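K.L.:
The structure that follows is given in the form of structure tokens.
The values are calculated or read from the model by the stated rules, or taken from the named source; none is laboratory data. A quick note: this is a predicted structure, and the numbers were derived from the prediction, not measured. A quick note on method: Cβ atoms are made from the backbone with ideal geometry, for glycine too, and the neighbour counts reach across all protein chains shown. Quick note on the areas: whole protein, heavy atoms, side chains included, nothing else; ligands and nucleic acids left out. Shrake-Rupley method; radii C 1.70, N 1.55, O 1.52, S 1.80 Å.
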Amino acid sequence: MKLASLRHGRDGRLAVVSRDLSRYVLVPGMTMQAALDGWAETAPQLAEVYDLLNAGKADGAHPFDAKECLSPLPRAYQWADGSAYVTHVELVRKARGAEMPPSFWTDPLMYQGGSDSFIGPSDPIACADEAWGIDFEAEVAVVTDDVPYGTRPEDAATHIKLVMLVNDVSLRNLIPNELAKNFGFFQSKPASAFSPVAVTPDELGTAWRDAKLHHPLHVWFNGEKFGEPDAGVDMTFSFAQLIAHAAKTRALCAGTIVGSGTVSNKSGNVGSCCIAERRTLETIADGKPTTPFMKFGDRVRIEMFDAAGKSIFGAIDQHVVKI
């Protein structure tokens, strides 16, 4: 099934959205977090509404407009973003002449991002200064139920309840000084945005296997195709492995979001999901980057389609504004 959070206060109003993203039904008195807290009970009830909605038999159905959506979880107890596409990490390090430790291929990278306030999929990316190096990062993410302390990879996939897309906004020119302090990201990682709709893994059919999503992730920058790497290809660590990594020393509560990191393929003919990777490829090929980071007014669109060409999650469609 497909779920969204429509604009209403901080946490939105939960809505069940039709498979073709044309209609929705509100779920009275419930938020996305509340649904996840009681998933064993709420999921079957929501699935009944979803079936009626797709059959055209649901009462109170309304036309769906992605612009009325907050991120599916407008705020979350935890946002843990991995870097599962190690080829992307390898490229970035190569461009600056740094060797990559062998452990990066066996032990996932992960940081804990700010989750107190996400921006909506159609909301602008606000920034004070273009010189900070504004970049988009197109990713896939999953939402879990309660994950016990020490959950193993072979058990972790059962805790994945929803899948969605992410624009993990980065301020590239602030990153070097932050990382030089050996204390991780903070100022360089402003609020992220998620797709209008989150979907249950069963909704993805055979494209969801081995705890990976096997569809190209399409990115347009100022109306021109920027990249379409396949999210299921060259993903070194599955979502099950990422969840197990996050749960190694702690339990994860329902509503935890785990991101894949920037989707990236080894093949050079599928484009990129962030400007930094394109600049890296330019540096490797020509000795210097030529693609600038985002300017005020620039727009990015991120979307994924099923085998029939239908949008699965709706689009993240954002432009940059000066704050």
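K.L.:
Among the residues of the stretch 305-323, how many are in contact (Cβ under 8 Å) with a residue 60 or more places away in the chain and not in a strand (DSSP E or B)?
P.N.:
Residues meeting the conditions: 8.
K.L.:
Determine which single condition Lys2 fails, assuming it passes every other condition in (1) modelled with pLDDT of 95 or more; (2) out of contact with any Cys (no Cβ under 9 Å at 6 or more places or on another chain); (3) surrounded by fewer than 22 Cβ atoms within 10 Å (Cβ to Cβ).
P.N.:
(3)
K.L.:
Among the residues of the stretch 224-275, how many are under 16 Å from the mean Cα position of the chain (by Cα), assigned to a loop (DSSP other than H, G, I, E, B) and among the β-branched types (Val, Ile, Thr)?
P.N.:
So the answer is 3.
K.L.:
Name the one entry in Pro216, Pro201, Pro190 that is buried (at least 18 other Cβ atoms within 10 Å of the Cβ), touching a residue at least 12 places away in the same chain (Cβ under 8 Å), out of contact with any His (no Cβ under 6 Å at 6 or more places or on another chain) and over 26 Å from Arg75 (Cβ atoms).
P.N.:
Pro216
K.L.:
Only residues that are of a type in the set (Gly, Ala, Ser), out of contact with any helix residue (DSSP H, G or I) (no Cβ under 9 Å at 6 or more places or on another chain) and open to solvent by less than 50 Å² (accessible area, probe 1.4 Å): list them for the stretch 72-113, please.
P.N.:
Gly113
K.L.:
A further question follows. Provide a single number: the residues in the stretch 111-125 that are part of a strand (DSSP E or B) and touching a His at 6+ places or on another chain (Cβ under 6 Å).
P.N.:
0
K.L.:
From the residues in the stretch 131-161 that are in a loop (DSSP other than H, G, I, E, B) and among the hydroxyl-bearing types (Ser, Thr, Tyr), which one is surrounded by the most Cβ atoms within 10 Å (Cβ to Cβ)?
P.N.:
Looking at the filtered set, the residue picked out is Thr151.
K.L.:
A further question follows. Looking at Phe185, Phe237 in this structure, which one is crowded, with 23+ Cβ neighbours inside 10 Å, touching a residue at least 12 places away in the same chain (Cβ under 8 Å) and among the aromatic types (Phe, Trp, Tyr)?
P.N.:
Within the list Phe185, Phe237, the selection yields Phe237.
K.L.:
Residue check, Thr283 against (1) part of a loop (DSSP other than H, G, I, E, B); (2) more than 20 Å from the chain's Cα centre (by Cα); (3) of a type in the set (Val, Ile, Thr); (4) surrounded by 16 or more Cβ atoms within 10 Å (Cβ to Cβ), all met but one. Which one?
P.N.:
(1)
K.L.:
In the set Leu252, Leu281, Leu213, which member is modelled with pLDDT under 95 and aliphatic (A, V, I, L, M)?
P.N.:
Leu281
K.L.:
Count, please, the residues in the stretch 74-106 that happen to be under 17 Å from Gly261 (Cβ atoms), at pLDDT 95 or above and not hydrophobic (A, V, I, L, M, F, W, C).
P.N.:
Going through the stretch 74-106 one residue at a time, the tally reaches 4.
K.L.:
Quick one: which of Asp145, Asp135 is of a type in the set (D, E, K, R) and touching a His at 6+ places or on another chain (Cβ under 6 Å)?
P.N.:
Step by step, each of Asp145, Asp135 is checked, and only Asp145 is of a type in the set (D, E, K, R) and touching a His at 6+ places or on another chain (Cβ under 6 Å).
K.L.:
Exactly one of these conditions fails for Leu36: (1) of a type in the set (A, V, I, L, M); (2) farther than 24 Å from Ile312 by Cβ; (3) open to solvent by less than 60 Å² (accessible area, probe 1.4 Å); (4) assigned to a helix (DSSP H, G or I). Give me its number.
P.N.:
Unmet for Leu36, out of (1) of a type in the set (A, V, I, L, M); (2) farther than 24 Å from Ile312 by Cβ; (3) open to solvent by less than 60 Å² (accessible area, probe 1.4 Å); (4) assigned to a helix (DSSP H, G or I): (2).
K.L.:
Write out, first by first residue and then by second, each pair whose Cβ atoms fall under 6 Å of each other, whose residues are 6+ apart or on separate chains, and whose first residue, in the stretch 45-65, is in a helix (DSSP H, G or I) while the second is open to solvent by 70 Å² or more (accessible area, probe 1.4 Å).
P.N.:
Correct list of pairs: Asn54/Arg19.
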